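First up is the structure itself, then whatever we jot down about it.
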Amino acid sequence: MNNLTVEAIELTRLYGGREAVSNVSFSVKQGEVLGFLGPNGAGKSTTMKMLTGNLAPSAGSVKICGIDMIENPKEAKALIGYLPEMRPLYKELTVDEYLTIAARLHRVSGKHIKKAVENAKERCGLMHMSKRLIENLSNGYQQRVGIAQAIIHSPMVVILDEPTVGLDPIQIRDIRALIREIGGAHSVILSTHILPEVEMVCDHVQIIDKGKLVFNGGIDVLKRQRVGNKLLIGFSKAPAVEELLKINGVTEAEVTDNNMMRVRFAEAEAPHEAIVQASVKNGWGLYQIAPDQTSLEDVFVQLTYQDAAAEAA
Ligand code: ADP
């Protein structure tokens, strides 16, 4: 038996003849936190709704722990906890009342409900909020209640759609820590349009753009894409670009907006030492030389741009 908790197989969803999600396949392992990343309108929510059995795919299938969502929806859905983008909270209820109802809806048996509510509250840091009306809680605490209802039946898979949108920085930090903790025991799929969030929370990342997967890999692979063969160099008496291009290994050189120089080099020929020597010899006044990392945002633009370029070709 494999330890795949979610399998999305060639998922496609049409809206009025237009493909909102196009032939998307991926899988999630037990204990993994998968980041599902993409700009607004990319198809994240549509994919989440298909994974949770709230929207039928136009083509393709979903399996949760090997159970087909279309053939056995009841069994498959029982293994999932879902927090949609619009939190399904009854704000006129207290935290305890709401979580008790959520436990019943998730078919937790009567004698286990109290324990399930206590457990979910404890994990989500809600113990001191039991008797409070949900409408009087801060945005961050309401989000914790939303996550608590998603884990109340100890599902194998927890699916969270944009869980940190609208929260302040401290609430965001707390919710991210909670997601990592939940990921230890359950598989988590987290949709977001925030790249650093994925870097902080996820083991694995998928990037979707215009309904298609443009990247699917480990977070370390995404990070590695950032460390290109580039150096950022500061000279007090900067040489002409042509002078730098004469140095062995340097393939490109340019002046940046803040008067530094950016140099690209061939993989096997790191020119650091040669640049330092040339600077000393020619009196260029080198005061800084460091690797130049591409921001994750740039990597994202490159990946989505590559896809658009391939489509146009
Ligand atoms: P995301 O969650 O990444 O922001 P969505 O999955 O919500 O993206 O939307 C993907 C695309 O499908 C968008 O172009 C959106 O306008 C379209 N779409 C989403 N829901 C519907 C719907 N119910 N009817 C028609 N088009 C929809």
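The values are calculated or read from the model by the stated rules, or taken from the named source; none is laboratory data. Because the structure is a prediction, the values reported are computed rather than measured. Every residue, glycine among them, receives a Cβ derived from its backbone with ideal geometry; neighbour counts consider all protein chains shown. We work out accessible area using only protein heavy atoms, side chains counted, and drop any ligands, DNA or RNA first. Shrake-Rupley method; radii C 1.70, N 1.55, O 1.52, S 1.80 Å.
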* In what order, largest first, do Leu51, Leu213 sit by accessible area if the probe radius is 1.4 Å? -> Leu213, Leu51
* Grab the Cα-Cα distance for Gln277 and Arg180, subtract it from 0.36 nm times how many residues apart they are, and report the gain in nm with one decimal. => 30.2 nm
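For the chain, the longest stretch holding no GluC sites (Glu not before Pro) located in a DSSP loop with at most 12 other Cβ atoms within 10 Å is which?
93-266
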* Structure fact -> Computed from the beta carbon distance with a Förster radius of 35 Å, FRET efficiency for Asn136 and Ala59 to the nearest 0.05 stands at 0.15
* **Amide hydrogen neighbours beyond the local backbone of Val33, cut-off 5 Å, H modeled** => Val188, Asp203, His204
* Structure fact -> Here, Leu245 and Val165, labelled 7 Å along Cα→Cβ, have an inter-label distance in nm of 4.7
* With a ≥ b ≥ c the root eigenvalues of the C-alpha gyration tensor of the stretch 28-76, is it rounded (a/c under 1.5), prolate (a/b larger than b/c) or oblate? -> oblate
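Relative to 2.2 N^0.38 Å, what does the C-alpha radius of gyration of the stretch 4-224 come to as a ratio? Two decimals please.
Numbers: Rg = 16.9 Å, N = 221, 2.2 N^0.38 = 17.1 Å.
The reported ratio for this selection is 0.99.
Find the relative contact order for the chain and round it to a whole percent, using C-alpha pairs within less than 8 Å whose residues are 6+ positions apart.
Dividing the mean separation by the residue count of the chain yields 19 percent.
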* Structure fact -> With N residues in the stretch 12-56, Rg(alpha-carbon) / (2.2 N^0.38 Å) equals 1.22
* To do: Could you order His193, His106, His128 so the one with the most accessible surface comes first? Probe is 1.4 Å.
  => His128, His193, His106
* To do: Express the accessible area of the chain per residue in Å², computed with a 1.4 Å probe while the remaining protein chains stay in the model.
  => 50
* Structure fact -> Label model pair Ser236, Asn216: point-to-point distance (7 angstrom along the Cα→beta-carbon line) in nm is 5.5
* Can you give the extra length, in nm with one decimal, that the chain gains between Leu105 and Ile9 once fully stretched, where that is 0.36 nm per residue apart less the Cα-Cα distance? -> 31.7 nm
* To do: Could you tell me what percent of the accessible area of the stretch 4-224 is made up of carbon and sulfur, with a 1.4 Å probe and every protein chain present?
  => 52
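Shape call for the stretch 1-93 from the C-alpha gyration tensor, a ≥ b ≥ c root eigenvalues: rounded (a/c under 1.5), prolate (a/b greater than b/c) or oblate? If you can, show how the numbers build up before the last one.
On the way: a/c = 1.40, a/b = 1.02, b/c = 1.38.
Here the stretch 1-93 falls in the rounded category.
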* Dipole of the stretch 4-224, positive direction: furthest Cα of Ser45, His106, Val62, with charges on the beta-carbon -> His106
* **Helical mean residue ellipticity (222 nm; -39500 (n - 2.57) per DSSP H run of 4+; nearest 500) of the chain** => -10500 deg cm²/dmol
* To do: Roll a 1.4 angstrom probe over the protein heavy atoms and tell me the percent of accessible area of the stretch 229-291 that is carbon or sulfur.
  => 47
* Local electrostatic count at Cys65 - Lys and Arg +1, Asp and Glu -1, tallied over other residues with Cβ under 15 Å -> -1
* Which lysines, on any chain, are close to Lys246 with Cα under 24 Å apart, when same-chain ones fewer than 8 places away are left out? -> Lys230, Lys237, Lys281
* Out of every Cα-Cα pair in the stretch 229-291, what percent are more than 14 Å apart? -> 48
* Asked: By the scheme Lys and Arg +1, Asp and Glu -1, what is the net charge of all other residues having a beta-carbon under 15 Å from that of Pro169?
  -> -1
* Asked: How long are the three semi-axes of the equivalent ellipsoid for the stretch 33-150, computed from the Cα gyration tensor as the root of 5 times each eigenvalue, in whole Å, largest first?
  -> 28, 19, 11
